[in-house]
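Nothing in this text is a laboratory measurement; each read-out follows from the coordinates by a stated rule. Predicted model only: the values in this text are computed from it and were never measured. In this analysis, Cβ positions are derived from the backbone assuming ideal geometry, glycine residues included, and neighbour counts consider all displayed protein chains.
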Amino acid sequence: MSSSDWVSSSVPYVVPRAKGEGDAWQDEAAAKGGVGSQRIVRAGQVPAPSEVAALLALEDDADVVVRQRVIYLDDQPTELTDTYYPVDVARGTRLEGTAKIRGGAVTLLAELGYTTHRVREEVSARMPTEAERQVFGLSDADPVLCMTRVTLDVAGRPFQVDASVFPASGQRLRYELEPRI
């Protein structure tokens, strides 16, 4: 399966799944005839990168819980995502481990009382690092897209930051907005 005409929406990735459902990526890939999977390569507490600390409204030296994942489409790496949570949100939960979470982290967070009220996403392009080039099999001339998503609760508190990198070629992001009047 090719991602050359892949159109992705962010909405399924910020809404909890129904009981017994798999994760949003598996469902999105299956709907397009592919197999979506992921591998959590690292999870646990780390010092927050300064940009992440700012996005989570934390002090510069604060610890966070991170889950670093490689996302696959038909066994080919298609995305690298690091997801960060404030320690008071994630400590002692399955977010600190490398095991898959049924329904995804968003479903677990909803069970813990953290539901999405607002999402901010920023997308930029850059040239890949050497490690990214190797993971994705890119040439020196192939750019990547970087998407940062900040998820906020009803009180406006940020409780999750996703930092994703994926090959730019063939990607199209779709945003549907419902303006409040």
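When +1 charges are put on Lys and Arg Cβ atoms and -1 charges on Asp and Glu Cβ atoms, the dipole computed for the stretch 63-181 relative to its Cα centre reaches about 380 debye.
Counting neighbouring Cβ atoms within 10 Å and putting the fewest first, the residues 166, 136 line up as 136, 166. Per-residue 3J(HN,Hα) values for the stretch 129-139, derived from phi via the Karplus relation 6.51 cos²θ - 1.76 cosθ + 1.60 with θ = phi - 60°, read 6, 4, 5, 5, 4, 5, 4, 8, x, 8, 8 Hz in sequence order (x marks Gly and Pro). Counting neighbouring Cβ atoms within 10 Å and putting the fewest first, the residues 85, 175, 72 line up as 175, 72, 85. Can you tell me the alpha carbon radius of gyration of the stretch 62-145 divided by the globular rule-of-thumb value 2.2 N^0.38 Å? Output field value: 1.31.
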